[in-house]
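Taken together, the values in this text are just the output of simple stated rules run on the coordinates, not laboratory data. Note that the coordinates shown come from a computational prediction; the quantities given were computed from them, not determined experimentally. Quick reminder, even Gly has a Cβ in these numbers, built from the backbone with ideal geometry, and neighbours come from all protein chains shown.
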Amino acid sequence: MRNMFLILLIPCFFTLSFARGLRQKAFVFPEPTANSYVILNPSKPLQLTAFTLCMRVATEETDETIIFAYCRADQDELNVWREKNGTYSVYFRSSSDGVHFTIPPLNTFFTHLCVTWESKSGLTAFWVNGKKSVRKVYRRGHTILSNGVVLIGQDQDKCLSGFDINQSFVGEISDLNMWDYVLTSNDIAALSEGYEVAKGNIFRWSDISYEIKGNVIVQPKNDYSAV
């Protein structure tokens, strides 16, 4: 969501029917659209004072694009972006007040990308293939609230609507995991190399609950055989 701030309490996703489990698979978003996305159903409420969010991402897009979107009460509760200027950013409950990082750009090959944040200090970082960016302080004392909708593929100007084709994600996403605490640097490095560490207690890719809308393809991560 950009340049919008609307309040409307709508718990949006509890009646949907979800598939489960994506071990060794990836979501392929083949083209820009305003109607293709994946809803992710968390294993526990996103009531967070800390988190680690990790995934493998491949994209050739160089313009503004959404990487992860969590909407609550028709506003951005937690969004991760690639900006028009090539920086990467995190936004809490805002479409303008984010924290920005200059990191190696995503590309046509899978990059292991993580974001960490904890409320007590506000320390926030991006991690690229196991290597940590400089840490920045963002929204110290903040709490991310639950009862929202998590999407990949689109930014939500309103929960499950208001999509902009020019901000849609094009590429592949795999191995998305999320924890309600900050992983150690050793754990993040191990994850980037394909090792299993503590199970994601919010999202765990191997048994993640999801629903596809529109033109999103599920494929094995490393070959072309049909699923």
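In percent, how large is the relative contact order of segment 104-227, given Cα pairs closer than 8 Å and 6 or more residues apart? Don't jump to the answer; show the numbers that get you there.
On the way: 134 pairs, mean separation 21.9, N = 124.
Relative contact order comes out at 18 percent.
Could you sort the peptides 46-57, 81-92 by per-residue average Cβ neighbour count (10 Å cutoff), highest mean leading? It would help to have the intermediate numbers written out before the result.
Numbers: 46-57: 20.3, 81-92: 18.1.
Output ranking for 46-57, 81-92: 46-57, 81-92.
Once you have the Cα-Cα distance between Glu64 and Arg20, take 0.36 nm times their residue separation minus that, and quote the gain in nm to one decimal.
Details: separation 44, 0.36 × 44 = 15.84 nm, distance 2.98 nm.
Contour length minus the Cα-Cα distance gives 12.9 nm.
If amide hydrogens are placed 1.01 Å from N in the peptide plane, which non-local residues have theirs closer than 5 Å to the one on Lys221?
Lys25, Ala26
Mind checking Rg over Rh on segment 65-131, alpha carbons, Kirkwood formula for Rh?
0.96
Tell me the Kirkwood hydrodynamic radius of the chain in angstroms, computed as one over the mean inverse distance between distinct C-alpha pairs.
It is 17.3 Å.
Per residue and in cubic angstrom, what volume does the convex hull of the Cα atoms of segment 103-190 have? Intermediate values should be presented prior to the final figure.
Values: hull volume 11.6 nm³, N = 88.
Hull volume normalised by residue count: 132 Å³.
One quarter of the convex hull surface, Cα atoms only: what value does that give for segment 163-227 in nm²?
On the way: hull surface 25.1 nm².
So the mean shadow area of the Cα hull is 6.3 nm².
Along the Cα→Cβ direction, 7 angstrom out, place labels at Ala190 and Lys221. What is the inter-label distance in nm?
1.6
Straight-line reach from Lys221: which lysines have a Cα under 29 Å away, not including same-chain ones fewer than 8 places off?
By straight Cα distance, Lys221 reaches Lys25, Lys44, Lys84, Lys131, Lys132, Lys199, Lys213.
Cβ neighbours within 10 Å, averaged per peptide: list 36-45, 135-144, 149-158, 58-67 in order, most packed at the top. Intermediate results must be reported in sequence, preceding the final value.
Numbers: 36-45: 18.8, 135-144: 14.9, 149-158: 23.6, 58-67: 16.9.
Highest to lowest by the protection proxy: 149-158, 36-45, 58-67, 135-144.
Is the shape of segment 39-89 rounded, prolate or oblate, going by the alpha carbon gyration tensor and its root eigenvalues a ≥ b ≥ c, with a/c under 1.5 for rounded and a/b larger than b/c for prolate?
prolate
Convex hull over the alpha-carbon atoms of segment 19-134: what's its volume per residue in Å³?
139
In nm, what is the difference between 0.36 nm times the number of residues separating Ile165 and Arg140 and their Cα-Cα distance?
That works out to 5.7 nm of additional length.
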